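The values are calculated or read from the model by the stated rules, or taken from the named source; none is laboratory data. No experiment lies behind these values; they were computed from the predicted model shown. Note that each Cβ is placed from the backbone with ideal geometry, even for glycine, and that neighbours are counted across all protein chains shown.
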Amino acid sequence: MKSLRSIAVVTAAVLISLIAASAAIAQERTASRVDISLLGGIQALNKNDTSLPDQFLSVPAVATVAYQITSNFAAEGDFTWLIPVQQSVDLGSGAKQDRKTPDILAYQAGVRAGLPQSSWTPYLAAGAGAVTFLSNTEADRLPRLDKSQTMFALNFGGGAEVGNGRWGVRADFRELVAFPAKDAAGFSTSGTADPLWMERGTVGVAYHF
């Protein structure tokens, strides 16, 4: 009987400690309303029929700012600078040539829905905004643009953040789709323009205020 009482006391103490720790983590996360993330990784622009004859790669430099509305939902703003990578691509003539896209800026606003756990938070996210292909007429650019082209864009995806204090490590995957105008120079053919599908995978750090 004595050993049973001891086990019961120890079990109760452990449960109380776990509940207190969970409450402290939840309180700390609730108190941290704003977070900033800096991320980097790889982004792919997929081949289509009206502007890109092959798949192109870029290195995204991403900065996000989020405001925690509730413990599960946050409003998030995302700014991305896509730095193009020169690569050997098939231009449809049978021979490959070295090409890269112009520099690209993406700015999105959206909602992030998370499920906070003791030491990590998985989440889903979606948003809308715009993508701008900056003007560049250098011979190795595709498409070559006399003027910058801005188009409406959507994004959706998910990720996770590990950490239960002010600092965290974040991994994020997004699918972005941009919709050029039917007469957009460099992105349209015969009055039609295909959507531009892009996949972005990034990792980085987050800081909670």
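Things worth noting here:
- Reported count of residues in the stretch 112-125, each being without any contact (Cβ under 8 Å) to a residue 40 or more places away in the chain and surrounded by fewer than 17 Cβ atoms within 10 Å (Cβ to Cβ), is 3.
- Flag for Thr150 being hydroxyl-bearing (Ser, Thr, Tyr), surrounded by 15 or more Cβ atoms within 10 Å (Cβ to Cβ) and in contact (Cβ under 8 Å) with a residue 60 or more places away in the chain: no
- Count of residues meeting criterion [within 21 Å of Gly204 (Cα to Cα) and of a type in the set (D, E, K, R)] in the stretch 37-92: 2
- Residue list for the stretch 181-197, filter: surrounded by 13 or more Cβ atoms within 10 Å (Cβ to Cβ) and free of Cβ contacts under 8 Å to residues at least 60 places away in the same chain: Ala181, Lys182, Ala184, Ala185
- When Ala63 is tested against the conditions (1) within 19 Å of Ala193 (Cα to Cα); (2) touching a Leu at 6+ places or on another chain (Cβ under 9 Å); (3) modelled with pLDDT of 95 or more, the lone failure is (1).
- Counting only strands (runs of 3 or more DSSP E) wholly contained in the stretch 86-127, no element carries 3 or more residues that are under 22 Å from the mean Cα position of the chain (by Cα), outside the structural domain of Trp167 (by TED's automatic domain parsing) and of a type outside the set (Asp, Glu).
- Qualifying positions in the stretch 128-147 - free of Cβ contacts under 8 Å to residues at least 12 places away in the same chain and part of a strand (DSSP E or B): none
Conditions (1) modelled with pLDDT under 95; (2) of a type outside the set (Val, Ile, Thr), marked per residue:
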| position | (1), (2) |
| --- | --- |
| Leu134 | no, yes |
| Ala139 | yes, yes |
| Thr150 | no, no |
| Gly157 | no, yes |
| Trp167 | yes, yes |
| Arg170 | no, yes |
| Ala185 | yes, yes |
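- Selection from the stretch 131-168 of residues that are more than 14 Å from the chain's Cα centre (by Cα), more than 19 Å from Gln86 (Cα to Cα) and not polar (S, T, N, Q): Asp146, Lys147, Met151, Phe152, Val162, Gly163, Gly165, Arg166, Trp167, Gly168
- Residue in the stretch 44-62 that is among the small types (Gly, Ala, Ser), assigned to a strand (DSSP E or B), in the same structural domain as Leu176 (by TED's automatic domain parsing) and closer than 20 Å to Gly163 by Cβ present: no
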